[in-house]
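Report on the following structure.
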Amino acid sequence: MAATDRPLRIGSIVAAALSVTALPAAHAESAPEKGSIALKYLYYRDFQKNDTQYPGEPKPDGAKFDRITVKAPSVLLVVPIGSDWSVEAGATVDDVSGATPRYYSSVSGATKAPGGMSDKRNAGDVKVTRHFSRGAVAVGVATSSENDYDSSAVSLEGRYATEDNNTTFHLGAAATRDKIGSTDDPALDERRRTNEVMAGVTQVLGANDIVQVNLGYRHGAGYFNDPYKSADRRPDERNQGTLLARWNHHVVPLGSTLRSSYRFYKDSFGIAAHTVEAAWVQPFAEWWSVTPSLRYYSQGAAKFYCDPSSDPAVFPFCPGSPTFATTDQRMSAFGAVTLGIKLQLRWEDWTGDVKYERYTQKSDWKLGGSGSPGIDPLYADMVQVGVSKAF
Amino acid sequence: MGDTPTMIPDFGFEFDAMGTVCQLRVCAHSQVLAEAAAQRAIGEVRRIEAKYSRYRPDSIVSRINAAAGTGERIAVDDETAGLLRFADTLYEASAGRFDITSGILRRVWDFKAARVPSAAEVDALLPDIGWFQADWDGESLALRRPGMELDFGGFAKEYAADRAAAVLHEAGIAGGTVNLGGDVSVVGPHPGGHPWKIGIAHPRRPGDVVASIDLSHGALATSGDYERSFEVDGRRYCHILDPRTGWPVTRWQSVSVVGPACLAAGALTTIAMLMGDEAHDFLRGQGVAFLTVDAGGHLHREKPDGP
């Protein structure tokens, strides 16, 4: 290999360069090249007007009752490590205060604790991802803790893209262990184990369309009762299945994107639910966009949910002595509409957004009508502000 | 999606990497798609920058340099082996003019301070320069002398331009360009079929172009005595240093080469700058189109003879 002044072969350097650049891509999918930090603040409040006359209860005066209020600041950090690894970490502190309804939408009883409930939830999670040429594998842990509820979870997920990057397969599994206590009953010490699997595929259908289908299955065993509700007895096993289909369509002349999805949910409690959602991302100039969104949700009641009894001797419990029973309105049949609008601003490495959503839940709005009777409409407002910076 | 191809717009992205301003032009149906592809290309440039940086103690280059003179052989990955094979070819084909061990000359050549080193200072470094003193077996490498250093600065930017263009192509982008501080790799022509017009900077009048070249495929690179240089007593000293003497070239103000890959074009411009009077013959021998500006400011332009 010593230097010589012998004549060059024609194009020898060009040929050598081509053999180098023709190397296969070493890292088609690389770790995020930038880290980012995001701060978010969520304010949630739901309320109900008490208009339904329940047996043996005072005549409702139509007063508006604030129920749950949540104030949750959170921070999310993404840090790339080398070109193959990334670490994501999040932490949130929820301040939850208010009252969960004891019976149906009757708010007079609130929780059994005087003055309603007040709680603080601390939650955190860490996920480590190893990026490969056409895929990634991630391992995560998450914990959350309240004074009457502790939860911890581990997850494993992977994704793999075909050579043309048009098709991506996802697989995931997670295990959650919950510990349930109650401030009303210090002796309560229950457990719940949940294991879930998820599989999905994402397909690019051309320059402007992308579709995704996900299937999920979850098996839970243990304590499902609501410890703050009297005579709440639920099965100690719950199996849940979901089918989610998404379609994102880019509208070239407007530069906007339609995001739509349909989700079907069914579980062994007997609840079946449909969700359809659409959001329209409309950019204006390069630095800001507005996203109005609409979501409709409808569910059928759980098998063991019972409608309010008209017999004052029975109300608020279920007639007879069924093995399983609940009067939790979240297990009833209803429909709900969420209207939202989000404003996003971007400037260099900074992103800021503000989102407002109004949720309205009514029995009458169940798909096909005939939702559970005797429940007042529930409203919720959600405001979220966030700012993030890439570095 | 009934758009005719000519209606596909192109989107521009600018970022800093490789110590210079980098630009991407990406033809795509939407900003979102262009951005997604651009992000991958930018990621590829940054990956190469990090991998071959002398400033990162964990880079392969730093590990090789740290082991210089110890006898320890550093095994390299396939990508690095490919680039070292290329460097070996360049050294041989340029009769020692293109040498990736010549970077240590920057210890005495300070272009920011505009200081001309003494002949003794330069000569003291020459024993530690020479690719023939690297023990390279195709898979692992040892630098025999403790003062030696490898520097991929001579082609890392050009290689990154080619790789970024390849990544854009893999991301489904048919038309676009990657411009890393004047080293340009073309992804493909405008979807309408017309080529990209790429200006070549005038070596003496900043902001002016000396010529403009139409490119649909391939790459364009330019080396010049104006990029990092200073003048002392009416003499110009530029950053293109002959590793055999340690002193700057003087024959050409600039050399531009159009070739099938930016890695080739960039290496050829550097070697041509170092070749002096033989530059034109050398470039003809490589079968590439070129444009040179000689020391007197005269332009020479040639296209290879067709087969």
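Per-residue Karplus couplings for the range A:375-384, computed as 6.51 cos²θ - 1.76 cosθ + 1.60 with θ equal to phi - 60°, are listed in order as 10, 6, x, 10, 10, 9, 10, 9, 10, 10 Hz, Gly and Pro entered as x. Considering only A:ILE375, A:VAL314, A:SER332, and ranking their Cα positions along the charge dipole of the range A:233-391 that arises from unit charges at the beta-carbon of Lys, Arg, Asp and Glu, the one farthest toward the positive end is A:SER332. When chain A is treated as a Gaussian network with alpha carbon springs shorter than 10 Å, the biggest mean-square fluctuation among A:GLY222, A:GLY368, A:GLY352 belongs to A:GLY368.
Once Rh for the protein assembly as shown is found with the Kirkwood sum over Cα pairs, what is the Stokes-Einstein diffusion coefficient at 4 °C and 1.567 mPa s, in µm²/s?
Numbers: Rh = 30.2 Å.
Answer from the Stokes-Einstein relation: 43 µm²/s.
Between A:TRP288 and A:ARG346, the built amide H atoms are under 5 Å apart, and every one of these is 5 or more places off in sequence or on another chain.
Between B:GLY138, A:VAL385, B:SER229, the Cα set farthest toward the positive side of the dipole of the protein assembly as shown (charges on each charged residue's Cβ, about the Cα centre) is that of A:VAL385. Where only DSSP H runs of four or more residues are counted, chain B gives -9000 deg cm²/dmol as its mean residue ellipticity at 222 nm, each run worth -39500 (n - 2.57).
When the Gaussian network model of chain B links Cα atoms closer than 10 Å, the mean-square fluctuations of B:PHE98, B:PHE86, B:PHE152 top out at B:PHE86.
For the range B:181-238, give the magnitude of the charge dipole about the Cα centre (Cβ charges: +1 Lys/Arg, -1 Asp/Glu; no others), in debye to the nearest 20.
With only Lys, Arg, Asp and Glu charged at Cβ, the dipole is about 60 debye.
When only alpha carbons are used to place a centre, the range B:220-295 and the range B:87-165 end up 16 Å from one another.
Counting every C-alpha pair in the range B:73-115, the share spaced more than 16 angstrom apart comes to 55%. Once the C-beta distance of B:HIS298 and A:TYR217 is scaled by a Förster radius of 56 Å, the resulting FRET efficiency is 0.15 to the nearest 0.05.
For chain A, the Kirkwood radius over C-alpha pairs fed into Stokes-Einstein at 10 °C and 1.306 mPa s yields D = 65 µm² per second.
Can you tell me the FRET efficiency between A:PHE284 and A:THR167 if r is taken as the Cβ-Cβ distance and R0 is 41 Å, rounded to the nearest 0.05?
Using R0 = 41 Å, I get an efficiency of 0.80.
Its residue count N sets the reference 2.2 N^0.38 Å, and the alpha-carbon radius of gyration of the range A:290-338 equals 1.59 times that reference.
Which of the lysines could a cross-linker bridge to B:LYS157, judged by Cα under 22 Å and excluding same-chain residues fewer than eight apart? Filter leaves A:LYS34, B:LYS51, B:LYS112, B:LYS197.
Here the extension length gained between B:THR20 and B:SER118 equals 32.3 nm, from 0.36 nm per residue of separation less the Cα-Cα distance.
With R₀ fixed at 25 Å, the C-beta to C-beta distance from A:ARG233 to A:LYS59 puts the FRET efficiency at about 0.25.
Using the Cα atoms of chain B to build a convex hull, what is its mean projected area in square nanometres? Could the numbers behind the result be given before it?
On the way: hull surface 68.0 nm².
If I average the Cα hull's projected area over directions, I get 17.0 nm².
Mean-square fluctuations from a GNM of chain B, with a 10 angstrom spring cutoff on Cα atoms, peak among B:ILE129, B:ILE213, B:ILE42 at B:ILE213.
A simple count of charges around A:PRO283, restricted to other residues whose Cβ falls under 14 Å of its Cβ and scoring Lys, Arg +1 and Asp, Glu -1, yields 0.
Would you mind working out the magnitude of the charge dipole of the range B:153-307 relative to its Cα centre, with +1 at each Lys and Arg C-beta and -1 at each Asp and Glu C-beta, to the nearest 20 Debye?
200
Nonpolar atom fraction for the protein assembly as shown, defined as the carbon and sulfur part of the 1.4 Å probe accessible area, stands at 56 percent. A simple spin-label model places the labels of A:SER370 and A:LYS71 4.6 nm from each other, with each point 7 Å out along Cα-to-Cβ.
Here are some pairs, A:LYS64/A:LYS120; A:LYS40/A:LYS127; A:LYS49/A:LYS366; A:LYS266/A:LYS303; A:LYS303/A:LYS362; which of them have Cα atoms lying more than 21 Å apart in this structure?
Cα-Cα > 21 Å for A:LYS64/A:LYS120; rest within.
Scattering from the range B:1-149 was approximated by placing one identical point on each alpha carbon and applying the Debye formula without solvent; log10 I(q)/I(0) at 0.10, 0.12, 0.20 1/Å stands at -0.53, -0.69, -1.24. Extension gain, A:SER152-A:GLU190: 0.36 nm per intervening residue step, less the Cα-Cα distance, totals 12.2 nm. Distance from the alpha carbon centroid of the range A:131-159 to that of the range B:21-80 works out to 30 angstrom.
The magnitude of the dipole of chain A, with charges of +1 and -1 set on the Cβ of Lys/Arg and Asp/Glu and taken from the Cα centre, is near 460 debye.
Axis angle, to the nearest 10 degrees, between helix A:12-21 and the longest C-alpha principal axis of chain A: 10 degrees. Working from Cα pairs under 8 Å separated by at least six residues, relative contact order for chain A is 13 percent. Here the contact order of chain B, divided by its residue count and restricted to Cα pairs under 8 Å and six or more residues apart, works out to 16 percent. Taking amide hydrogens as placed 1.01 Å from N in the peptide plane, the amide H of A:GLY11 sits under 5 Å from those of B:GLN286, B:GLY287, each at least 5 positions away in sequence or on another chain.
The values are calculated or read from the model by the stated rules, or taken from the named source; none is laboratory data. Just so we're clear, the structure is a prediction, and the values are computed from it rather than from any experiment. Every residue, glycine among them, receives a Cβ derived from its backbone with ideal geometry; neighbour counts consider all protein chains shown. For the accessible areas, the whole protein counts, side chains as well, though only heavy atoms, and no ligand, DNA or RNA atoms are used. Shrake-Rupley method; radii C 1.70, N 1.55, O 1.52, S 1.80 Å.
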